[in-house]
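Have a look at the structure below, then the notes.
The values are calculated or read from the model by the stated rules, or taken from the named source; none is laboratory data. Because the structure is a prediction, the values reported are computed rather than measured. We place every Cβ from the backbone using ideal geometry, glycine too, and count neighbours over all the protein chains shown. Only protein heavy atoms, including side chains, enter the accessible area calculation; ligands, DNA and RNA are left aside. Shrake-Rupley method; radii C 1.70, N 1.55, O 1.52, S 1.80 Å.
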Amino acid sequence: MAKRPELGQMLIKDGLITPEQLKEAVYNQVIFGGRLGINLLELGYIDEETLSRYLARQHRVKTVRLEDLNRISPSVLKLVPRKLAEKYQAVPIRLEGKKLYVVMANPSEMGALSELSFVTGKTIVPLVLPEVRIFELLNRYYGIGRELRYINIAMLEAERRKKKVKPIAKIKPKKKPIRK
């Protein structure tokens with residue numbers, strides 16, 4: 001099986017972040033935890049849509065438009081028990097025949113896909129979204145709360161989308177002069 005590309009390296013290669021920005025995000029990840037993408041969002045180096053696209057590339061799955069997440073049928077949500085949704089950070093969004101489309105923070109986790117398939121009796125089609133959006137969906141549809149950190153990021157992203165502000169990922173920070 002081919003190795004998954006690393007998110008940070010893909011973003012650097014495509015010119016969306018600098019090596020220094022990646023280093024800062026990794027440093028924040030070590031200090032504050034969370035996934036790399038969340039730390040890049042918090043630092044303002046990328047926006048949620050960009051992160052979703054790159055996570056989809058990294059995991060070799062599709063993502064979903066945020067507006068499609070407002071129309072999830074209660075009967076689809078009942079297919080995945082609350083405990084399992086929380087355990088795997090997974091929310092079912094659509095059922096087409098025997099295929100259950102599930103958004104996940106880590107769609108490459110084979111154990112999650114197997115257990116979800118066994119419990120639901122459906123073929124799982126994994127989709128990816130940033131964990132901040134998964135946490136928001138878990139809260140909205142299952143009543144599973146999360147840290148204030150993730151709530152704040154979701155609110156900032158929603159506000160940015162309302163204002164149609166261009167992503168700040170293209171802003172390059174000032175380089176500090178090297179002192180000798």
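Quick notes on this one:
- Here the spin labels are modelled as points 7 Å beyond Cα on the Cα-Cβ line, and at VAL30 and ASP14 they lie 2.7 nm apart.
- Total lysine pairs in segment 1-152 at Cα distances under 19 Å, for residues eight or more apart or on different chains: 14.
- Length gained on full extension, SER108 to ARG57, computed as 0.36 nm times the residue gap minus the Cα-Cα distance: 17.2 nm.
- Probe 1.4 Å, accessible area per residue of segment 55-145, Å²: 49
- Listed peptides 6-19, 38-51, 130-143, 81-94 by packing density, highest first (mean Cβ within 10 Å): 38-51, 130-143, 81-94, 6-19
- Reduced Cα scattering model of segment 1-86, Debye log10 I(q)/I(0), q = 0.13, 0.18 Å⁻¹: -0.55, -0.89
- Convex hull of segment 76-143 built on C-alpha atoms - directionally averaged projected area, nm²: 3.8
- Separation of the THR123 and ASN139 label points, Cα + 7 Å toward Cβ, nm: 3.6
- Carbon plus sulfur fraction of accessible area for segment 33-120, probe 1.4 Å, in percent: 53
- Label-point gap, in nm, between ARG82 and LEU95 - each point 7 angstrom along Cα→Cβ: 2.0
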